[in-house]
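A.B. asks: The structure's right below; bear with me while I get my questions together.
Bear in mind these aren't lab numbers, they're just calculated from the coordinates by the rules spelled out. Being a predicted model, the structure only gives us computed values, none of them experimental. Here the Cβ is made from the backbone with ideal geometry for all residues, glycine too, and neighbour counts use every protein chain on show.
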Amino acid sequence: MTIRVADELLMFLPAARRGPVSRVPSDGTSTLGHLVESLGVPLPEAGPMTLGGEPADPSTRPDPGAEVRVASVPRPQPVPLEPGQVAPRFVLDVHLGTLARRMRLLGLDTAYHNDMDDPALVVQANEERRVLLTQDRGLLRRRALWFGAYVRGSRPDDQLRDVLDRFAPVLRPWTRCTACNGELVPVDKQEIERDLEAGTRRSYDVYGRCADCGQVYWRGAHGGHLEKIVHEATRQVEAAGVAK
């Protein structure tokens, strides 16, 4: 049988087989999803599939000689939300720490621990209904995982753009602690004044504090860089909303 995958999915195929059309043996018992993954494409990255031109489910068992097409996931990709939830929740693997901090800067509920192994990540993703973001293809192949996504890009800037392009989540910048993901609440300067450096006390009047870890925040020396990240992210998500 032949399987034609979208150009966006070719990156998952081994270099020697990185063509748009692949021929794979079919025994009549393997599912379409199994055959697609045998090429190297994790199922969470596979979008709508067709079998002989008709829509097909990954659980379908194609006949030998069938022609299959696999699209990439739609962008923005819908994520099931719970009542009252306005944006997806995320959990990131141990290699995406900088991305996690930037997502928290944008107000996205982003769980991250630099010592969490793969089984624990899947458990947290499932129990808390978080989208697991990773660059580990094997992790995305775990059958127990309810929702996962491969993060494209080697630089944090590119990774963030990819996540925002894929999910176009509602952003709430400056509302989460970049260290622990807790929510920030306004705090009176007089309440924390004794803990501030003299220069900080003189230069800033508006502060926030993490409700979980107590970390205090203000628009400091790195404010310009962070403002740029927030501005570009907001513009990207707004543009995605217009294009829907």
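A.B. asks: So what's the back-of-envelope 222 nm ellipticity for the chain, counting only DSSP H runs of four-plus at -39500 (n - 2.57) apiece and dividing by all residues, rounded to 500?
C.D. replies: Helix contribution divided over all residues of the chain: -8500 deg cm²/dmol.
A.B. asks: Shifting gears a bit: Please turn the phi angles of the range 91-108 into ³J(HN,Hα) values with the Karplus equation 6.51 cos²θ - 1.76 cosθ + 1.60 (θ = phi - 60°), one per residue in order, whole Hz, x for glycine and proline.
C.D. replies: Per-residue couplings from phi come out as 9, 10, 6, 5, 8, 10, x, 5, 4, 4, 5, 6, 5, 5, 4, 7, x, 7 Hz.
A.B. asks: Loop only by DSSP, 12 or fewer other Cβ within 10 Å of the Cβ. Give me the trypsin sites (Lys or Arg not before Pro) in the range 109-149 that pass, ordered by residue number.
C.D. replies: Filter output for the range 109-149: R143.
A.B. asks: Which residues' amide hydrogens lie under 5 Å from the amide hydrogen of V91, considering only partners 5 or more residues apart or on another chain, with H built in the peptide plane?
C.D. replies: Here A111, V131, L132, L133 satisfy the definition.
A.B. asks: Could you give each residue of the range 188-200 its phi-based ³J(HN,Hα) in whole Hz, using Karplus coefficients 6.51, -1.76, 1.60 with θ = phi - 60°, and x for Gly or Pro?
C.D. replies: Per residue, the Karplus-derived 3J(HN,Hα) values read 5, 4, 5, 5, 10, 4, 5, 9, 9, 5, 4, x, 5 Hz.
A.B. asks: What Kirkwood hydrodynamic radius do you get for the range 161-244 when you take the inverse of the mean 1/r over all pairs of distinct Cα atoms, in Å?
C.D. replies: 14.5 Å
A.B. asks: Here is a further query. Using the scaling law 2.2 N^0.38 Å as the reference, what is the normalised Cα Rg of the range 110-149?
C.D. replies: With N residues counted in the range 110-149, Rg over 2.2 N^0.38 Å equals 1.01.
A.B. asks: Relative contact order for the chain: what percent, with Cα pairs under 8 Å and sequence separation of 6 or more?
C.D. replies: Result for the chain is 15 percent.
A.B. asks: Related question: Please arrange K189, K228 by how many other C-beta atoms lie within 10 Å of their C-beta, fewest to most.
C.D. replies: By the 10 Å Cβ count, ascending: K228, K189.
A.B. asks: Calculate one ³J(HN,Hα) per residue across the range 26-36 by plugging θ = phi - 60° into the Karplus curve 6.51 cos²θ - 1.76 cosθ + 1.60, and present them in order as whole Hz with x for glycine and proline.
C.D. replies: 10, 9, x, 10, 6, 7, 4, x, 4, 5, 5
A.B. asks: Let me ask you something else. Using bins 5 angstrom wide from zero, how does P(r) for the range 2-72 break down, in % of all Cα pairs?
C.D. replies: Here the calculated profile for the range 2-72 is 4, 18, 35, 27, 14, 2.
A.B. asks: Tell me, rounded to the nearest percent, the portion of alpha carbon pairs in the range 45-190 spaced more than 20 Å apart.
C.D. replies: 53 percent
A.B. asks: For the range 88-155, which semi-axes, largest first and in whole Å, follow from the square roots of 5 times the eigenvalues of its Cα gyration tensor?
C.D. replies: 17, 13, 11
A.B. asks: Using amide H atoms built 1.01 Å from N in the peptide plane, name the residues 5+ places from Q215, or on other chains, whose amide H lies under 5 Å from its own.
C.D. replies: Those qualifying (amide H under 5 Å, at least 5 residues apart or on another chain) are C210.
A.B. asks: Moving on to the next point. Output needed for the chain: three equivalent-ellipsoid semi-axes, defined as square roots of 5 times the C-alpha gyration tensor eigenvalues, in descending order, whole Å.
C.D. replies: Working from the Cα gyration tensor, I get semi-axes of 43, 17, 15 Å.
A.B. asks: Which whole-number percent is the relative contact order of the range 2-72 (Cα, under 8 Å, 6+ apart)?
C.D. replies: Worked out over the range 2-72, it gives 42 percent.
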